Amino acid sequence: MSTGRFQLIPALAYPALAVGLAGMVFLPLGDWLGFETAESLLYGTSNLQVLVTSSIVAALTLVAARLGGARLDQRLEIWRERVLALPGTGFVLAAAALAIIVDALLSGALFSHNPHLVDSIAQLFQARIFLAGSLSAPAPDQIEFFAASHLVEHVGRWFSQYPPGHPALLALGMAVGLPWLVNPVFAGGTVLLVFLAARRLLGEGSAKLAAVLYLLSPFALFMGASFMNHVTVGFFLGLALYAAVRATEPGALLIWPLLTGGGLGAAAAIRPLEAAAWAGVLGIWLLIRGGWRRAFAAGLACIAAALPLLGYNTVTTGHPLRFGYTLLWGPGHGLGFHTDPWGEPFTPLKSLAVTAGDFRQLDDFLFAWPYPSLIFVLAALCLAGFDREARRRGGVLAALLLVGPLAYFFYWHRDNYLGPRFLFASLIPAILLTTLGITTLDRRLARWRPALRLAVIAGPLFALAVNLPASAGVIAGWRPEMKVHPEVEAEHVGLEQGLVFVRVGWGNRLIPRLWSWGISASETERTYRAVDGCRLQQALDRADSTAAAGRDSAAARESLRQQLAEWRDMRLPVVPGHWPESSVRYDTTRALDPVCLEQVERDTEGYTLYGTLVWRNDPWLRHGIIYARDFGDERNRKLLQRYPDRPVYSYGPASNEVGELPQLRPLEYRDSTKGPDEGSLVDQ
């Protein structure tokens with residue numbers, strides 16, 4: 001076994017890392033580089049606000065420390081000793097249970113136990129497939145009525161683009177009728193793992209502090225209340241970290257390197273890139289600190305744990321190393337600098353800008369303190385440059401903090417949901433480094449130690465009293481149409497087996513029609529962004545008419561694809577935000593024809609989102625209530641032939657007024673052999 005004289009990160013590199021991270025956080029690199037960075041979808045603070053509140057907190061704590069002197073220091077030390085005297089096991093179990101309870105309550109209060117992002121919607125759909133005992137389901141013939149973002153249609157089957165790990169866990173929640181409780185339970189488990197890892201790396205007192213910091217992190221709390229897979233992958237990465245710490249100890253049992261590899265393999269079945277990045281760091285660290293036998297055992301366990309993922313890929317996509325999102329979006333989805341699936345160039349400078357934006361958002365959302373959340377991480381990195389003890393404890397944490405962002409530096413997509421979600425895996429090392437920074441400063445500061453301790457207390461209190469409730473209020477009011485529960489309405493009217501046409505916006509009618517003609521997800525996205533809605537409507541109508549006339553569908557498809565490519569190359573003068581469905585592009589040089597005007601007028605009557613209903617469908621579209629897009633009477637009649645004996649309902653808002661929520665309304669299908677209203681659907 002290695003004596004550990006080799007270092008994961010050289011001593012002189014720590015201050016350089018601190019300077020680089022500070023530049024990412026505090027400098028407007030995105031603006032300087034000329035790129036827009038991911039803006040917060042929900043909440044955040046400005047640099048000016050942080051500067052003002054930081055100055056106020058610093059002034060107050062310094063004055064209080066000066067006035068309180070030794071007496072204040074003694075009082076704070078007594079409190080610290082009382083916390084240290086608490087039994088560690090009881091403390092962390094209470095913290096983990098509290099995390100589960102709080103996240104479960106937030107899931108209802110903020111999200112109404114519903115998914116709010118297409119990622120989790122697609123994974124809940126896959127969970128339904130798993131719950132039925134299958135890996136995929138037969139794709140429907142009339143796919144435009146049911147298709148949704150991030151669902152793959154391949155060789156007559158459909159399934160989610162995501163790896164199977166998180167959907168499998170959601171399926172367990174579905175089996176007991178509580179899919180919304182899966183993430184709160186794993187969030188509570190992560191609190192436990194943070195404590196266990198910190199106790200081994202930093203000591204018992206630091207472990208309690210780390211558990212409390214994780215429990216109070218808005219980023220962790222809000223994400224833990226959602227359906228996103230970042231929470232479950234965070235748990236398994238935390239398990240791998242704790243097991244790796246145990247595996248590096250003298251006389252470690254074989255179970256610990258096996259658990260290290262098992263945790264990484266399980267994480268790979270959820271978010272493979274993050275798992276691979278962490279595997280590189282933990283593998284090298286285990287090799288240095290534990291020797292090649294333990295590292296080899298961990299590697300074998302990781303491969304074994306990843307075998308179900310490879311098998312799932314083989315069955316669904318046809319190759320063990322081909323993931324669903326690559327099959328759906330094409331090679332542009334892969335790592336590297338190239339044209340992305342949306343047709344935008346992805347360059348190193350753009351990646352630098354969005355990475356800096358991610359760290360800025362992490363500083364915002366990690367703790368929501370009145371001063372920078374990463375301040376003690378920066379302190380830990382600086383101190384590690386000349387504090388051997390801090391370097392010994394924090395080397396692997398610093399590497400894990402940065403390896404995720406480094407991996408995503410080569411990935412084209414980034415967004416912000418409840419925080420910089422692509423950096424959620426960095427949450428655990430960030431919290432442990434924060435703990436290390438606080439405890440190291442506490443050990444080194446003498447005269448100003450009371451000020452430090454007051455600041456550490458003031459930060460969470462301010463967040464709990466001001467920032468966290470304000471952020472929760474914003475989230476609770478965000479996208480109310482995603483919080484609806486039509487199944488409750490259906491139960492009230494006694495509807496168990498029905499066909500519900502969902503009134504959607506123009507864009508949500510155009511995109512699935514493009515998919516139904518075999519236009520790939522990438523080509524559809526690039527077309528939708530570059531071509532106005534009226535041209536798309538006309539082209540799709542022509543293709544449908546050609547097919548209805550009995551002509552070759554393949555020729556119609558190729559003609560449609562060529563037309564779309566020509567329009568994309570023309571760089572049409574199109575802008576979003578003009579129509580009621582704001583994502584539909586408007587050509588500033590053209591007037592609408594009557595058919596397109598009719599589409600716009602439909603939207604002025606009110607529409608809702610189909611995405612929040614996708615996962616409520618039986619993937620085989622045989623049982624229960626079937627939710628389908630409403631394309632209008634003529635196209636809807638084709639679907640009615642498939643479900644002739646089901647009661648028919650409409651689902652949508654009564655008007656286009658802001659805040660108007662969708663409702664179920666029964667429809668009557670009038671089947672007549674005469675007249676222009678043949679087979680029309682009307683409200684009862």
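Things to note:
- Residues in segment 69-100 that are open to solvent by 30 Å² or more (accessible area, probe 1.4 Å), assigned to a helix (DSSP H, G or I) and at pLDDT 80 or above: 82, 89, 90, 91, 93, 94, 97, 98, 100.
- Residue satisfying condition, being outside any strand (DSSP E or B), more than 21 Å from residue 614 (Cβ to Cβ) and touching a Leu at 6+ places or on another chain (Cβ under 9 Å), within set 104, 127, 122, 109: 104
- Some residue of segment 544-558 being touching a residue at least 12 places away in the same chain (Cβ under 8 Å) and buried (at least 21 other Cβ atoms within 10 Å of the Cβ): no
- Residue, farthest from residue 408 (Cα to Cα), within segment 319-337, restricted to residues that are of a type outside the set (A, V, I, L, M) and free of Cβ contacts under 8 Å to residues at least 60 places away in the same chain: 319
- Segment 582-602, subset buried (at least 17 other Cβ atoms within 10 Å of the Cβ) and basic (Lys, Arg), residue nearest to residue 507 (Cα to Cα): 585
- Residue 273 modelled with pLDDT of 95 or more and open to solvent by 20 Å² or more (accessible area, probe 1.4 Å): yes
- Residue in segment 252-267 that is among the hydroxyl-bearing types (Ser, Thr, Tyr), out of contact with any Asp or Glu (no Cβ under 6 Å at 6 or more places or on another chain) and assigned to a helix (DSSP H, G or I) present: yes
- Residue, farthest from the chain's Cα centre (by Cα), within segment 227-252, restricted to residues that are surrounded by fewer than 23 Cβ atoms within 10 Å (Cβ to Cβ) and either among the charged types (D, E, K, R) or modelled with pLDDT of 95 or more (or both): 249
- Residue 518 being at positive phi, open to solvent by 20 Å² or more (accessible area, probe 1.4 Å), at pLDDT below 90 and not aromatic (Phe, Trp, Tyr): no
- All positions within segment 341-353 that are open to solvent by 20 Å² or more (accessible area, probe 1.4 Å) and either on the phi < 0 side of the Ramachandran plot or part of a helix (DSSP H, G or I) (or both): 342, 344, 345, 347, 348, 349, 350, 352
- Matching residues, segment 101-138, being more than 14 Å from residue 227 (Cα to Cα), among the β-branched types (Val, Ile, Thr) and crowded, with 17+ Cβ neighbours inside 10 Å: 102, 129
- Of all residues making up segment 572-624, the number that are part of a strand (DSSP E or B) and either among the hydrophobic types (A, V, I, L, M, F, W, C) or at positive phi (or both): 2
- A single entry from 37, 61 fulfils the requirement of being surrounded by 12 or more Cβ atoms within 10 Å (Cβ to Cβ), in a helix (DSSP H, G or I) and modelled with pLDDT under 80: 61.
The values are calculated or read from the model by the stated rules, or taken from the named source; none is laboratory data. Fair warning: this is a prediction, and the values are worked out from it, not measured in the lab. Note: ideal-geometry Cβ built from the backbone for every residue, glycine included; neighbour counts use all protein chains shown. Accessible surface areas use protein heavy atoms only, side chains included; no ligands, DNA or RNA. Shrake-Rupley method; radii C 1.70, N 1.55, O 1.52, S 1.80 Å.
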